[in-house]
Amino acid sequence: MKGPGEYGGTGGAGTTTLDGGGPERAGDPAEPTVLTVRSEQDLLAIRHAVRDATLAVGFSIVDQTRVVTAASELARNAYVHGGGGTVRIEYPTRPGAVGLRLTVDDAGPGIADIDAALTDGYTTGAGLGHGLGGAQRLMDEFEIRTREGGGTTVTATRWADR
């Protein structure tokens, strides 16, 4: 089992570069976007921003739904369990593909047992316990970095092969 400060999740193969750019919008490369998570209204704004980003990347309707659902779950976890935080939207590229990377940070208590937290049915609150593991299954790459008493960072990427 992985404890605080260790990585969990799946790592994808292949080289990824992040140059700050992304899909073309009105002639300018898309810059990374950072949104705060401090209220229910912020959760709605994040879902809309992520949906817009999936459209810019060119995801199918199925992949749009996957990414927006994962973003919603991760942002809600940061809000409910981490006391708020940020969501960063980036556009990584690799040969033949562009993607959408979400980095969700919070300053909450951290995750004591990452493996348990990724197990369906595990919850520390009133939810059903499907959020973190479900978000992992919806994305191509998924990584959790947590520090007990010092917050959690989840990085999740979905690729659109071209």
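Could you please tell me which pairs satisfy a Cβ distance under 7 Å, a separation of 6+ or placement on different chains, a first residue in segment 91-112 that is among the charged types (D, E, K, R), and a second residue that is in a loop (DSSP other than H, G, I, E, B)?
ARG94/GLY14; ARG94/THR15; ARG94/THR16; ARG101/PRO92; ASP106/GLY82; ASP106/GLY83; ASP106/GLY84
Note down all Cβ pairs under 7 Å where the first residue falls in segment 132-157 and is free of Cβ contacts under 8 Å to residues at least 60 places away in the same chain, the second is small (Gly, Ala, Ser) and open to solvent by less than 20 Å² (accessible area, probe 1.4 Å), and they're at least six residues apart or on different chains.
Listed pairs, sorted by first residue: LEU132/ALA117.
Looking only at residues in segment 73-105 that are open to solvent by 50 Å² or more (accessible area, probe 1.4 Å) and in a helix (DSSP H, G or I), which one is nearest to GLY133 (Cα to Cα)?
Only one residue fits best here, namely GLU73.
Considering only residues of segment 137-158 that are modelled with pLDDT of 90 or more, open to solvent by 40 Å² or more (accessible area, probe 1.4 Å) and not basic (Lys, Arg), which is farthest from ALA97 (Cα to Cα)?
Checked segment 137-158; the qualifying residue farthest from ALA97 (Cα to Cα) is GLU143.
Given the condition at pLDDT 90 or above, of a type outside the set (A, V, I, L, M) and within 19 Å of THR33 (Cα to Cα), answer yes or no: does some residue in segment 122-136 qualify? Walk me through it before giving the result.
Residues of segment 122-136 that are at pLDDT 90 or above, as a first pass: 135-136.
From what's left, of a type outside the set (A, V, I, L, M): 136.
Among the residues that remain, those that are also within 19 Å of THR33 (Cα to Cα) are: none.
Looking for residues that are at pLDDT 90 or above, of a type outside the set (A, V, I, L, M) and within 19 Å of THR33 (Cα to Cα), one finds none in segment 122-136, hence no.
Do you know which of the residues in segment 40-59 that are small (Gly, Ala, Ser) and without any contact (Cβ under 8 Å) to a residue 40 or more places away in the chain is farthest from THR153 (Cα to Cα)?
This residue is ALA56.
Scan segment 35-43 and give yes if some residue there is among the hydrophobic types (A, V, I, L, M, F, W, C), in a strand (DSSP E or B), under 24 Å from THR93 (Cα atoms) and touching a strand residue (DSSP E or B) at 6+ places or on another chain (Cβ under 7 Å), otherwise no.
Yes, segment 35-43 has at least one match.
The values are calculated or read from the model by the stated rules, or taken from the named source; none is laboratory data. What you are looking at is a predicted structure, and each value in this text was computed from that prediction instead of being measured. Positions of Cβ are generated from backbone atoms using ideal geometry, with glycine treated the same way; all protein chains shown enter the neighbour counts. To get the accessible areas, we keep the full protein, side chains included, count just its heavy atoms, and leave off ligands, DNA and RNA. Shrake-Rupley method; radii C 1.70, N 1.55, O 1.52, S 1.80 Å.
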